[in-house]
1. What is the helix-to-structure angle for 100-110, meaning the angle in degrees between its Cα long axis and the longest Cα principal axis of the chain, kept from 0 to 90 and rounded to the nearest 10?
2. Using a Gaussian network model of the chain with C-alpha springs under 10 Å, which one of Leu152, Leu201, Leu239 is most mobile by mean-square fluctuation?
3. Taking every pair of alpha-carbon atoms in the range 65-245, give the share separated by more than 28 Å as a whole percent.
4. Select from Ile190, His136, Ser243 the residue farthest towards the positive end of the dipole of the range 65-245; place +1 on Cβ of Lys and Arg, -1 on Cβ of Asp and Glu, and compute about the Cα centre.
5. Modelling each spin label as a point 7 Å along the Cα-to-Cβ direction, I'd like the Glu151/Phe117 distance in nm, to one decimal.
6. How many angstrom lie between the C-alpha centres of the range 160-227 and the range 1-60?
7. Quick one: among Pro14, Pro257, Pro95, which has the greatest mean-square fluctuation in a GNM of the chain with alpha-carbon springs under 10 angstrom?
8. For the Cα atoms of the chain, what angle does the longest principal axis make with the long axis of helix 227-245, in degrees from 0 to 90, nearest 10?
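Nothing in this text is a laboratory measurement; each read-out follows from the coordinates by a stated rule. The structure presented is a predicted model; accordingly, all values stated were derived computationally and were not measured. Methodologically, a virtual Cβ is constructed for each residue, glycine included, from the backbone with ideal geometry; neighbour enumeration extends over all protein chains shown.
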Amino acid sequence: MPKLTPPLPKVLQPKPQRPGSPNGKPSPADAALDAGISVVDWIDERTSLSGGIRWMLFRKVPRGVNWFYTLGSATMFAFLSQAVTGVFLAMYYRPDAQGGAYESIRYLTDEAFLGQFVRSMHKWGSSVMVILVFLHMARTFFFGAYKYPRELTWVIGVVLLILTMAMSFSGYLLPFDERAYWATIVGVNINGTGPFIGPYLSDFLRAGPEFGATTLSRFYAIHMMLIPGAMAALIGAHLYLISKLGISAPPWLRVEPDPDPQSELQPERVEV
Ligand code: HEM
């Protein structure tokens, strides 16, 4: 009678030899790669995220796109850089109007490791972001990308532009030196001259009728939480619409007529 042995569990069974590896064993690099792939597969099996990522990244773009089309991504990179440098600045910053804010910025600039570098990246990065967002808006305007069906992309963009300016304005007060203090008083007073909501807006920004200690906390909360959260959500919506609608073709591109008169590619049927 043949000897019956229970089958080995799958995990203990010998694996087929990997093509290209002499002793059949994966190299440490291959083993690490396999482990990484297994983790990604495990997550993907439960979430199907890869479908969404493929939908977002593997898109057809029209012929003739050029460097001007990279301005939106450049703006997004500037936003992400501001977010990362801002987190490090927040590790040292204290929103204390009795001298603590100024002192924390002094410490960060003069004593903390790479503090001045990170602070300068954040400060110059804010100007870079403002310039990029205007250039990106100019590109979409002059290329007519705001027209049907991308009106909502444009409207969300307008809100993003206002929020970018509000980030610059709210961040300017945080070092709490003389320039920050007086420039913000001027800015808040200018806000107050706006029609209808102007006076309410400046009361909201000052946290009352007078510029006081809570004004700094308010600007801090607006700069660190309110606007970045809203911007992250709106950039997500902006990108969703860009993936869904596709990128617009350059305005000088003409659609070649298809020899088949029923084809979808007849100039009058193609959305640009
Ligand atoms: C934080 C600010 C912004 C970010 C991160 C951002 C990001 C992007 C990205 C990555 C694209 C696709 C690539 C490109 O065309 O460059 C895009 C497209 C677009 N953006 Fe923005 N954007 C921002 C602000 C704005 C503003 C201020 C406007 C206009 C008021 C705007 C209107 C549009 C439009 C209409 C498109 C579609 C372009 C097309 O289909 O050709 N965006 N945006």
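1. Tilt relative to the chain: about 60 degrees.
2. Maximum fluctuation in the GNM of the chain, among the listed residues, is at Leu201.
3. I get 32 percent for the Cα pairs in the range 65-245 exceeding 28 Å.
4. Farthest towards the positive pole: Ser243.
5. The answer from the label model is 4.9 nm.
6. The distance from the Cα centre of the range 160-227 to that of the range 1-60 comes to 55 Å.
7. Result: Pro14 has the largest fluctuation of those listed.
8. Its long axis makes an angle of about 50 degrees.
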